[in-house]
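What follows is a short report on a single structure.
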Amino acid sequence: MPLHHPYALGRLGNAELALGRHAQAKAAFERACAGASDIDDGQRFDAGAGLARTALAEGDLGQAMAAVDALLAHLARAHSFEGAEQSRQILLTCYRVLQRVGDPRAAEVLGLAHAELQAKAAMIGPGSRTPDLGIRRDVGRDAARRPVGASSQFLYAVEELQ
């Protein structure tokens, strides 16, 4: 599997989930997770969070918790989701699942996400590059002209897979 496939499959999973196609989203996230795990890529954490979001959308709290427990077990061992594209999104997903089931760890996870966000925000200054977007703050208007939403994510993922 080429290195970009886990990334593209994750994007495809996000698009499918946004379109309400849960079975397709789950399949894409599972493939992304397997491919990223095969090459020890941090995208496996993004894909694991995608599986949790999909299970939550389906109302399958057991599956959602299984995905979150795996993510939090890794976080307890490694203290980060190194290599993940969106570590704060992963933490937010964990928080949402934990909150939904009434797990007291939800507050701690939300605190971690907040601390990480504050650390990133402290790095942003006038004319600096935003850490996750890769665009200059003063040219952010260009980003506003790009298509957003599930359809554009789906098209981007399909292009990546070809």
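Values in this text are rule-based calculations from the coordinates and carry no lab data. Just so it is clear, the model here is predicted, and its values are computed rather than measured. Here the Cβ positions follow ideal geometry from the backbone for every residue, glycine too, while neighbour counts run over all protein chains shown.
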Environment charge at LEU17 (Cβ cut-off 12 Å; Lys +1, Arg +1, Asp -1, Glu -1): +2
Between ALA57 and LYS120, with labels modelled 7 Å along Cα→Cβ, what's the label distance in nm to one decimal, could you check? 2.1
How many nm separate the modelled label positions at SER80 and ALA18, each set 7 Å beyond the Cα in the direction of the Cβ? 2.8
Taking ILE39, ILE90 and counting other C-beta atoms within 10 Å, the order from fewest to most: ILE39, ILE90
